[in-house]
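Everything on this sheet refers to the single structure shown next.
The values are calculated or read from the model by the stated rules, or taken from the named source; none is laboratory data. Everything numeric here is computed off the predicted structure, so don't read it as measured data. Don't worry about glycine lacking a Cβ; one is built from the backbone with ideal geometry, like all the others, and counts go over all protein chains shown. Keep in mind that these areas ignore ligands, DNA and RNA; they rest on the heavy atoms of the full protein, side chains included. Shrake-Rupley method; radii C 1.70, N 1.55, O 1.52, S 1.80 Å.
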Amino acid sequence: MTSVLDKPIKAPAFQGVGIRRRVTDLTATILVSLSVVVALVPLVWVLWTVVVEGLPAITSQTWFTNSFSGLSASAMGGGVYHALVGTLMQGLVCAILAVPLGLFVAVYLVEYAGNSRLGKLTTFMVDILSGVPSIVAALFIYALWIATFGFPKSAFAVSLALVLLMVPVVVRSTEEMLRVVPTDLREASYALGVPKWKTIARIVVPTALPGIITGVMLALARVLGETAPLLILVGYAPFINFDLFGGEMGTLPGVMVAEMNNPTDAGSNRIWGAALTLILLIALLNVIAKVIGHFTSVRKQ
């Protein structure tokens, strides 16, 4: 005989999952998995094609030590030493100009702007700048730097165009990282009498530094492959040129554009080799960003 005390007070809240919900969950899982596969297939296909076609070029002994100076269109050999140096120089100048500017703008938007009109206008302009095509940025620099100020075409003009493309990415990534920093850290610093600027410099920015570095590296990787500024603001040179303010300069995207009309096997070899070299360079920058971010976060702990 069952007593009243043995009976549950109320029915259990969990009654099991119905067939309809199971079917819906399974359908959503299948659709999400298929979406991932559809997105990964072209990516893996492109990477595999570039690696297979470009590996013979980058494994040659002269690929990273020589240039294409003095070689005919059909001659095998040579290397992208000149293009690699040119790409790194332009990217370095771009980063030197864009990173401080983007960092300061992000700090202003997060820490000082609030709901002010200037803050809203700055956010609006950053959004617009993030959608500007690279060819528009190149034409603007051409009209301002070359046509108006009278400076010659140069790699420095390319770096200026890349700055316009890199700044909004740095601003957005830095802004998001600064907003992640807990408000309690700021308030604790203010309670100890630390000025706001020192709180930002000593507490807020170091806390968000790993994410900021990752965002900067991603922004730099995005602009290194741009081709339109190279075509408009500087010509391609198959030899090394260390002068940022004069003369043509070789870059990895420039190698691909210059050899596009070369129907020989040497041209195909140079195109795929330059493409694989650019991918490896961007991958290396991302690895460096991850390593720096890891060590900075460990040091803070």
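Key figures
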quantity: Candidate aspartates and glutamates for bridging to K196, where Cα separation is under 20 Å - those fewer than 8 sequence places away on the same chain excluded; calculated: E111, E175, E176, D184, E187
quantity: D (Stokes-Einstein, µm²/s), Kirkwood Cα radius, the range 72-148, 1.002 mPa s at 20 °C; calculated: 134
quantity: L43-T65 FRET efficiency (beta carbon distance; Förster radius 35 Å; 0.05 resolution); calculated: 0.65
quantity: Ordering of 69-82, 164-177 by burial proxy (mean other Cβ atoms within 10 Å per residue, highest first); calculated: 164-177, 69-82
quantity: Gain on full stretching of the segment that runs from T29 to A191 - 0.36 nm per residue minus C-alpha separation; calculated: 53.4 nm
quantity: Helical contribution to [θ] at 222 nm, DSSP H n ≥ 4, -39,500 (n - 2.57), averaged over the chain, rounded to 500; calculated: -22000 deg cm²/dmol
quantity: When the convex hull of its Cα atoms is projected in every direction, mean area for the range 6-162 (nm²); calculated: 22.1
quantity: In degrees, nearest ten, helix 81-107 long axis to first principal axis of the chain (Cα); calculated: 40
quantity: Convex hull volume per residue in cubic angstrom - Cα atoms of the chain; calculated: 271
quantity: Long-range HN-HN contacts of T251 with modeled amide H, under 5 Å; calculated: A237
quantity: Alpha carbon convex hull of the range 93-228, projected area averaged over orientations, nm²; calculated: 9.0
quantity: Charge dipole (debye, nearest 20) of the chain; +1 at Cβ of Lys and Arg, -1 at Cβ of Asp and Glu; calculated: 1220
quantity: Probe 1.4 Å, protein heavy atoms only - accessible area per residue of the range 12-84 in square angstrom; calculated: 74
quantity: For the range 156-299, average projected area of the Cα convex hull in nm²; calculated: 10.8
quantity: Cα Rg, Dmax (largest Cα-Cα span) when computed across the range 28-110, Å; calculated: 20.8, 59
quantity: Solvent-accessible surface (1.4 angstrom probe) belonging to D265, in square angstrom, nearest 10; calculated: 120
quantity: Set of aspartates and glutamates with alpha-carbon distance to K153 below 18 Å, sequence-local pairs under 8 removed; calculated: E226, D243, E248
quantity: Phi-based couplings in Hz for the range 199-210 (Karplus 6.51, -1.76, 1.60; Gly and Pro marked x); calculated: 5, 5, 6, 9, 10, 5, 4, x, 5, 8, 4, x
